[in-house]
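Everything below concerns the one structure shown next.
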Amino acid sequence: MTDIASRSVAGVEAAARAEEKAFGFWLYLMSDAMIFALLFMTYVVMNSGTAGGPSGADLFSLPRAFAETMLLLASSMTFGFANLAGQEKRGGAVLAWLLITLGLGLGFVALEIQEFTGMIAAGAGPDRSGFLSAFFTLVGTHGLHVSFGMVCILVMIGQVALKGLTISVRSRLYRLGLFWHFLDIVWIGIFSIVYLPGVL
């Protein structure tokens, strides 16, 4: 009876710690949102500062930006499935959905690297103008976040495989999901503010 009671108390304490960490993570996301808000504002201000160089209409490929958007939206959906599987304690399904999410994220980053290298090769690097500096900073910061998120997904795959879906692992999966969905929202902002007006 004592063992059952102690396990119950430990479970309640673990759930309380998970809630505290989730609250702290929301605070982190708010600070990250402020950073991106500043980068968006900088881009909007510098959008016309091409210094006689190429503009978005000259450089941006809407089909590629759309493909990136679809990859990231799909990855957000698959991560949602991973979280649902985690709540149902289906470890195999969690691993499968995380691997799919990782593959979609890799596709997104590959397209972004292809875009950046192509622009730099064409002489449109971040040092060419204020517009390009703001563009590379905003989109590159988002790309670094996605890359970091993929490293975290790899770590999460290892934790699920080795530890199982404990309360703490499910809490980490939930927080990582918040981060990944946040990046999806930021990208929708980038697509709407940077790419669409740049080519239309």
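The values are calculated or read from the model by the stated rules, or taken from the named source; none is laboratory data. Keep in mind the model is a prediction, meaning the values are calculated, not measured. Note that we place each Cβ from the backbone using ideal geometry, even for glycine, and neighbour counts take in every protein chain shown. SASA here: full protein model, heavy atoms, side chains in, ligands and nucleic acids out. Shrake-Rupley method; radii C 1.70, N 1.55, O 1.52, S 1.80 Å.
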Exercise. Does segment 152-165 contain at least one residue that is in a helix (DSSP H, G or I), small (Gly, Ala, Ser), touching a residue at least 12 places away in the same chain (Cβ under 8 Å) and open to solvent by less than 30 Å² (accessible area, probe 1.4 Å)?
Worked result: no
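Does segment 30-49 contain at least one residue that is under 30 Å from Glu112 (Cα atoms), among the hydroxyl-bearing types (Ser, Thr, Tyr), surrounded by 12 or more Cβ atoms within 10 Å (Cβ to Cβ) and modelled with pLDDT under 95?
No, that holds for no residue.
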Exercise. In contact (Cβ under 8 Å) with a residue 12 or more places away in the chain and part of a loop (DSSP other than H, G, I, E, B) - does that describe any residue in segment 66-78?
Worked result: no
For this session: Select from segment 127-151 the residues that are under 15 Å from the mean Cα position of the chain (by Cα), open to solvent by less than 40 Å² (accessible area, probe 1.4 Å) and among the hydrophobic types (A, V, I, L, M, F, W, C) and list them in ascending order.
Result: Leu138, Val139, Val146, Met150
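Does Ala57 fit the bill of being free of Cβ contacts under 8 Å to residues at least 40 places away in the same chain and part of a helix (DSSP H, G or I)?
Numbers: free of Cβ contacts under 8 Å to residues at least 40 places away in the same chain: no; part of a helix (DSSP H, G or I): yes.
Spelling it out, it is not the case that Ala57 is free of Cβ contacts under 8 Å to residues at least 40 places away in the same chain and part of a helix (DSSP H, G or I).
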For this session: Check Ala124, Ala110 and return the single one that is surrounded by 21 or more Cβ atoms within 10 Å (Cβ to Cβ) and either small (Gly, Ala, Ser) or in a helix (DSSP H, G or I) (or both).
Result: Ala124
